[in-house]
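Visitor: What follows is a single structure, and I will ask about it in a moment.
Where a number appears in this text, it was derived from the coordinates with a stated rule and is not lab data. Note that the structure is a prediction, hence the values are computed from the model and not measured. Note that we place each Cβ from the backbone using ideal geometry, even for glycine, and neighbour counts take in every protein chain shown.
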Amino acid sequence: IPSVSSIVPESCLLIVVGLLVGGLIKGVGEKPPILKSDIFFLFLLPPIILDAGYFLPLRPFTENLGTILIFAVVGTLWNAFFLGGLMYAVCQLGGPGLNHIGLLANLLFGSIISAVDPVAVLAVFEEIHINELLHILVFGESLLNDAVTVVLYHLFEEFASFEQVTILDIILGFLSFFVVSLGGVLVGVIYGVIAAFTSRFTSHIRVIEPLFVFLYSYMAYLSAELFHLSGIMALIAAGVVMRPYVEANISHKSHTTIKYFLKMWSSVSETLIFIFLGVSTVAGHHYWNWTFVISTLFFCLIARVLGVLVLTWFINKFRIVKLTPKDQFIIAYGGLRGAIAFSLGYLLDYQHFGMRDMFLTAIITVIFFTVFVQGMTIRPLVDLLAVKKKQETKRSINEEIHTQFLDHLLTGIEDICGHYGHHHWKDKLNRFNKKYVKKCLIAGERSKEPQLIAFYHKMEMKQAIELVESGGIGKIPSAVSTVSIQNINPQTLPLERVLPALSKDKEEEIRKILRTNLQKTRQRLRSYNRHTLVADPYEEAWNQMLLRRQKARQLEQKMNNYLTVPAHKVDSPTMSRARIGSDPLAYEPKEDSENLPIITIDPASPQSPESVDLMSEEPKGCSGLPPSPEEDEEGLVMRVKEPSSPGTDDVFTPGNSDSPSNQRMLRCLSDPGPRPEPEEGEPFIPKGQ
């Protein structure tokens, strides 16, 4: 009935079916079965978590890992303690029926009811097709908060049996969180690597390849649960680690088997869980207390909303893509509770917790409210708020290549800036994976790239075999050229080129090969660090010499630009006399004009002193010697600049113009004023120097 399924989520319908079945069994006079915790945790939960972990969208998950961890750890702790503390206050004020419930029992109840349930989130969020970011935030939180729930549950359960809880017990309980979470991840990684290594050697027995994936994943879950570690985190870690290597080793048929068997297995488990929830509601013992149940429901919603608002305000300070108020509403509204809370409540011991039935009644009420009310209203709210939906179409090869291109670009930018962000570490991990891990865990040529060429050879070989089998080449003699073949067997070309139809699996395989091979990781050169360079003893002196030489050339260039007019070629004595008459100081004698007379200039000439070329003329009194009477009468005398000998350095060899007064005058006259700032693209050392 499409009209019903578009309004009511599948999980709600399954709970209703369970309620009807339980009522029918009870009406007949039989005792309905109850969802026992062992059956739930050992047989029904692992397939759902493995399906989620094996097909986890790794890129959005890793990019938002910090946000997910804050919501999963800090958010769950906040919910548990906030709810437990307020419920303890309600019990103290609630009358004789609630006075006997202590603080530890309320904190235990808060830790059970505070965790978001992955089964309920998957059931609802996959139907409304919410965008990838919100889906991975809520679903990732529901997966990773398992470690917090397990730690708090076992902690408060142990504390309830203690006569007195010391500070040491609290510190050990805090440390146990790291042991449970990291221990679960470590167990999952170990089994994932073993599964990948085993799949190297299954090329001759393709039938049992899928079995290893299920076997090692389940062993990871059981091993983690055996030591009270987080089984859910072990399953996720195992699925994420083994998938890339296993899929490179196994056949395409085995890959299809794993994919559809996991989907079918998780769907069956999900269906059974929700039906059993309905049946257990009818069959279980209930103790209804209005104050306790309504307070639990109200404080659950308040704690969730406050936690999301405060944590998002903090997270948005560090996120580039901020979480909008719409996103915050969906995250808060999507905090659904489910069968994990029910099973943990069912595990409570009557001896230490005499109020177990009341706890279970409150838990079932919260589950039904979140699944029915929030689950049914979240779809119209998403449409009303115009929240971005998930793209149904797959990304094109063009988008995939540009995504990888941007990854490499950002890695390079981080390298240049010296800021080691997640792109840098991802690149390091990829290089380590490619260099060492793939060679150990992937068999044969498949560990070496490019796969693209291997796939092309495979297709060519297949076409050649098909051509031979069809008899297209067998009758043709080997010596006949292609031209004569066309003359012997003229073929009528089809009017339209018929493209071979590719199956979806084949297209996905080609897409995957193109995606992994069309963009190569750049080869990292040896990194430059100025602190590790070996000091050269001659380098400083050489730099000083270069700088002085450069300054001298710049000075000469300035004087040529500002103090002199370029000399013209002497064509004839008439032209020379004309030039001398117009501007005597600008005239520079050439080698072939030694026979020309020395020009004397009157000091009262209107020529400005800035036009005097100091490289070839000297004013009176600037040579460090007292002026002679002849020079006093003659005024300024032009002299030809003597060429320097070939072996001397014009920078370091002191000349007759190196006296302090001469240098002062030279600096005074040659300074043209403030120089414009060099442009951005201008080289430090000008060309040609």
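Visitor: Select from the stretch 147-233 those GluC sites (Glu not before Pro) which occupy a DSSP coil region and have at most 11 other Cβ atoms within 10 Å, ordered by residue number.
Guide: 163
Visitor: Take the cross-link list 253/426; 326/426; 326/504; 253/458; 253/439 and give me the ones stretching past 26 Å between alpha-carbons.
Guide: Violating the 26 Å limit, Cα to Cα: 253/426; 326/426; 326/504.
Visitor: How would you rank 123-134, 357-368, 165-176, 308-319, highest first, on the average number of other Cβ atoms within 10 Å across their residues?
Guide: 357-368, 123-134, 308-319, 165-176
Visitor: Can you give me the C-alpha center-to-center distance between the stretch 25-43 and the stretch 56-102, rounded to a whole angstrom?
Guide: For the stretch 25-43 versus the stretch 56-102, the Cα centre distance is 29 Å.
Visitor: Could you compute the net charge surrounding residue 208? Neighbours are other residues with a C-beta less than 15 Å from the C-beta of residue 208; K and R count +1, D and E count -1.
Guide: Every neighbour counted, the sum reads +2.
Visitor: Cα gyration tensor of the stretch 83-186, axes a ≥ b ≥ c as square roots of the eigenvalues: rounded (a/c below 1.5), prolate (a/b > b/c) or oblate?
Guide: It is oblate, given that a/c is not under 1.5 and a/b is not larger than b/c.
Visitor: Right, another one. With the Cα gyration tensor of the stretch 118-264 giving a ≥ b ≥ c as the square roots of its eigenvalues, does the rule (a/c under 1.5 for rounded; else a/b larger than b/c for prolate; else oblate) give rounded, prolate or oblate?
Guide: It comes out oblate by the Cα gyration axes.
Visitor: Now for a separate question. Given a cut-off of under 8 Å on Cα pairs at least six residues apart, what relative contact order in percent is computed for the stretch 71-166? Spell out each step's value before the answer.
Guide: On the way: 89 pairs, mean separation 34.8, N = 96.
RCO, the stretch 71-166: 36 percent.
Visitor: Which GluC sites (Glu not before Pro) does the stretch 338-412 hold that lie in a coil by DSSP with at most 13 other beta carbons within 10 Å? Before the final figure, lay out each step's value.
Guide: Values: sites: 392, 399, 400; in loops: 392.
Sites meeting the loop and neighbour criteria: 392.
Visitor: Right, next: Can you tally the net charge around residue 195? Count Lys and Arg as +1, Asp and Glu as -1, for every other residue whose Cβ sits under 12 Å from the Cβ of residue 195.
Guide: 0
Visitor: Can you report the principal axis dimensions of the stretch 357-400 using only the alpha carbons, biggest first, rounded to whole angstrom?
Guide: Extents along the principal axes, in whole Å: 58, 24, 10.
Visitor: For the stretch 289-364, what does the alpha-carbon gyration tensor say about shape, rounded, prolate or oblate, given a ≥ b ≥ c as the root eigenvalues, a/c under 1.5 as rounded, and a/b over b/c as prolate?
Guide: On the way: a/c = 3.22, a/b = 2.54, b/c = 1.27.
Since a/c reaches 1.5 and a/b is larger than b/c, the shape of the stretch 289-364 is classed as prolate.
Visitor: Now, a different point. Could you tally the net charge around residue 370, taking each other residue with its Cβ under 12 Å from the Cβ of residue 370, Lys/Arg +1 and Asp/Glu -1?
Guide: Once positives and negatives cancel, what remains is +1.
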